[in-house]
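The block underneath contains the structure these notes are about, expressed in structure tokens.
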Amino acid sequence: MKLVVAITGASGSLYAQRLLDLLHADPHGPHDVHVALSSHAREVAAAEIGKLVIPEPFQVYGDTSMHVPFVSGSAKFDAMVVLPCSMGTIGRIAHGYSDSAIARAADVFLKEKRRLILVPRETPWNLIQARNVVTVLEAGADVLPAIPSFYHRPQTVLDVVDTVVARVLDHLGLEHALSKRWMEPGSPQD
């Protein structure tokens, strides 16, 4: 799969790190992953997880140059994930304000009818943010708030993180065994 993983300065760097690690280790890969970092992504990651580690084969880009392959509709990509996605980024996407590579790429994915997955972590939302989420949904984006599930009885922080990352992988159409599915044989509800 050829995809863009954009990481903004919203809290939730562990979600992004886990997704990158799983894409790199995916036995169904290798995936062609292009990582776009907002100006605050590394700063927030440093505060939350120490250091964002991007697997060696993945290409890394900043957010200030439009000289990147994924900002053009003529470049063929399968999907884009913004994880974590700040509410400011959702607002720029909702209003077509393509002032950065991440916002421009999201705009391109929407206009080209490609899969765009936005994973906001911030809470609570104000009315402007809620309306922006509705706008991106209406435009064709998938919005998967970073809200973990607990029915499989997670034991570690990583177990909790994996419930969100599993949903992202599901929406990308990628197989995984991160957590038990509801009412799956062997799950706690079985």
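The values are calculated or read from the model by the stated rules, or taken from the named source; none is laboratory data. The structure displayed is predicted, hence computed values, not measured ones. So basically every Cβ, Gly included, is an ideal-geometry build from the backbone, and we count neighbours across all protein chains shown.
Odds and ends about this structure:
- Residue tally, condition surrounded by 21 or more Cβ atoms within 10 Å (Cβ to Cβ) and closer than 13 Å to Met80 by Cβ, over segment 35-51: 1
- Note on segment 1-35: residues that are over 10 Å from the mean Cα position of the chain (by Cα) and in a strand (DSSP E or B) total 6.
Let's see how each residue does on (1) in contact (Cβ under 8 Å) with a residue 40 or more places away in the chain; (2) in contact with a strand residue (DSSP E or B) (Cβ under 6 Å, 6 or more places away or on another chain):
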position: Phe70; (1), (2): yes, yes
position: Ser74; (1), (2): no, no
position: Cys85; (1), (2): yes, yes
position: Ile93; (1), (2): yes, no
position: Gly96; (1), (2): no, no
position: Ser100; (1), (2): yes, no
position: Glu112; (1), (2): no, no
position: Arg115; (1), (2): yes, yes
position: Leu118; (1), (2): no, yes
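- Filter pass, Ala16 being among the small types (Gly, Ala, Ser) and either within 21 Å of Val165 (Cα to Cα) or touching a His at 6+ places or on another chain (Cβ under 6 Å) (or both): yes
- Selection of segment 48-67 for residues being over 25 Å from Ala25 (Cα atoms) and in contact (Cβ under 8 Å) with a residue 24 or more places away in the chain yields Asp63, Thr64, Ser65, Met66.
- Of all residues in segment 150-180, those satisfying the criterion of being surrounded by 15 or more Cβ atoms within 10 Å (Cβ to Cβ) and not in a helix (DSSP H, G or I) are His152, Pro154, Leu174, His176, Leu178, Ser179, Lys180.
- Among the residues of segment 113-138, those identified as surrounded by 16 or more Cβ atoms within 10 Å (Cβ to Cβ) and either of a type outside the set (Lys, Arg) or more than 24 Å from Leu3 (Cα to Cα) (or both) are Leu116, Ile117, Leu118, Val119, Pro120, Glu122, Gln129, Asn132, Val133, Thr135, Val136.
- The set of residues in segment 94-119 that are on the phi < 0 side of the Ramachandran plot and charged (D, E, K, R) comprises Asp99, Arg104, Asp107, Lys111, Glu112, Arg114, Arg115.
- Considered as a group, the residues in segment 71-110 that are charged (D, E, K, R), assigned to a loop (DSSP other than H, G, I, E, B) and closer than 25 Å to Arg167 by Cα include one that is modelled with the highest pLDDT, and that residue is Asp78.
- No other residue among Arg104, Arg131, Arg92 is basic (Lys, Arg) and either under 17 Å from His34 (Cβ atoms) or within 15 Å of the chain's Cα centre (by Cα) (or both) apart from Arg104.
- A Cβ distance below 7 Å, combined with a sequence gap of six or more or placement on separate chains, defines the contacts here; from segment 155-168, residues that are of a type outside the set (A, V, I, L, M, F, W, C) reach residues that are assigned to a helix (DSSP H, G or I) and surrounded by 18 or more Cβ atoms within 10 Å (Cβ to Cβ) in the pairs Asp162/Arg18.
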